[in-house]
Amino acid sequence: MQEQSPKERVLVILGPTATGKSHCAIEIAKKFHGEIISGDSMLVYRDMNIGTAKPTAAELAAVPHHLVNILPPEASFSVVDFKEQAQRLITDINQRGHLPIIAGGTGLYIKALLEDYAFNSVSEDNELRQRLTREAQEQGPEALHKRLAELDSEAAERIHPHNVRRVVRALEAALNGEQVNQYGASESPYDALVVGLEMERGALYERINRRVDIMLEQGLEQEVRELLSRGLSPHCQSMQSIGYRQMVWYLQGTMDYEQAVKKLKQATRNFAKRQITWYKKMPYIKWLKLEATPDYTNVVERICEMLVEKEISL
């Protein structure tokens, strides 16, 4: 009987937004010859730095980063693209004797990669589209939107429940082509350590509100103004994301500044809640509880110990 090749190593650090995943990933990469693969669907875009909480130029230079600043803001990027590119990167990094570290909070991306989801090649399905439209008419748009939230929380976050046409298109993508057939391998193709950072909900929401304030102080409004002035459509995928969408509402006069900021904070908190719900579908996550003011030195040390215990760092 032929002996199977050892699985490729990978460390994954995930958790809801504002828990410090990128910081921990960078510190661990320094210790273990690591290279970071972004698992965040928004970091792929160039010139979208403040609203995405992208690592600074110094942080990006400290250790190798992948899937960051690889696309113009008008481009599309899907879970299919992520899985294909992340698989290639994991192989390449392992072959060079380094440790691939995935850092990010897009749960569908990570789950599809670790569980080796299969994708359909069909990009359009008129029969499915008609059936989903009928469901919206018969059960109400909220029921269809709830179904979308279970499959693609990020799409659900940026699409209003009553925008049935867009909900149907997003569901079509999630069920049949751009996204995922929700049946993966019986076991992960990777020798993976998956660590989750969690925090008491009230403390997390305070950190989120503060992060939004910092983004605004750093110039989020101006960043969005510049993108729009270059002719970027406010309807493209990247501009529909949290932070950019609310600033567009303000800049286009749909709502005043204070209301837009309130909506931005609320949307980010709701997104964190959806992330936490998604992670419950991933029972292999090893959770580390953070204090309201985290001691990241201890968090990094604990993850390093877990790597050694699992022999992934060797």
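Could you identify the single residue in Ala53, Ala58 that is out of contact with any Pro (no Cβ under 6 Å at 6 or more places or on another chain), without any contact (Cβ under 8 Å) to a residue 40 or more places away in the chain, open to solvent by 10 Å² or more (accessible area, probe 1.4 Å) and not polar (S, T, N, Q)?
The match here is Ala58.
Being over 30 Å from Pro6 (Cβ atoms), at pLDDT 90 or above and among the acidic types (Asp, Glu) narrows it down to one of Glu124, Glu142, Glu154, Glu74, so name that one.
Only one candidate qualifies: Glu74.
Among Lys262, Lys286, Lys281, which is of a type in the set (Lys, Arg), surrounded by fewer than 16 Cβ atoms within 10 Å (Cβ to Cβ) and touching a strand residue (DSSP E or B) at 6+ places or on another chain (Cβ under 8 Å)?
Lys286
Can you name the number of the only condition in (1) closer than 23 Å to Arg211 by Cβ; (2) in contact (Cβ under 8 Å) with a residue 60 or more places away in the chain that Lys265 fails?
(2)
Of all residues in the range 27-59, count the ones that are over 16 Å from Leu193 (Cα atoms) and aliphatic (A, V, I, L, M).
The qualifying residues number 8.
Within the bounds of the range 84-94, is there any residue that is open to solvent by less than 10 Å² (accessible area, probe 1.4 Å), at pLDDT 95 or above and touching a Phe, Trp or Tyr at 6+ places or on another chain (Cβ under 6 Å)?
no
Exactly one condition in (1) in a helix (DSSP H, G or I); (2) open to solvent by less than 20 Å² (accessible area, probe 1.4 Å); (3) among the hydrophobic types (A, V, I, L, M, F, W, C); (4) under 26 Å from Ile110 (Cα atoms) is false for Val248; which is it?
(4)
Could you please give the count of residues in the range 206-234 that are surrounded by 19 or more Cβ atoms within 10 Å (Cβ to Cβ) and in contact (Cβ under 8 Å) with a residue 60 or more places away in the chain?
8
Can you say whether Gln275 is open to solvent by less than 80 Å² (accessible area, probe 1.4 Å) and on the phi < 0 side of the Ramachandran plot, as far as the supplied structure shows?
Yes: the conditions hold for Gln275.
Of everything in the range 92-111 that's polar (S, T, N, Q) and in a helix (DSSP H, G or I), which residue is nearest to the chain's Cα centre (by Cα)?
Restricting to residues being polar (S, T, N, Q) and in a helix (DSSP H, G or I), the top hit is Asn94.
Give the residue that is most open to solvent (accessible area, probe 1.4 Å), with candidates limited to residues of the range 129-145 that are of a type in the set (Lys, Arg) and without any contact (Cβ under 8 Å) to a residue 12 or more places away in the chain.
Arg134
Is it the case that some residue within the range 22-33 is in a loop (DSSP other than H, G, I, E, B), open to solvent by 20 Å² or more (accessible area, probe 1.4 Å) and touching a strand residue (DSSP E or B) at 6+ places or on another chain (Cβ under 8 Å)?
yes
The values are calculated or read from the model by the stated rules, or taken from the named source; none is laboratory data. Source: prediction; values computed, not measured. Note that each Cβ is placed from the backbone with ideal geometry, even for glycine, and that neighbours are counted across all protein chains shown. Areas reflect the complete protein model, heavy atoms only, side chains present, ligands, DNA and RNA absent. Shrake-Rupley method; radii C 1.70, N 1.55, O 1.52, S 1.80 Å.
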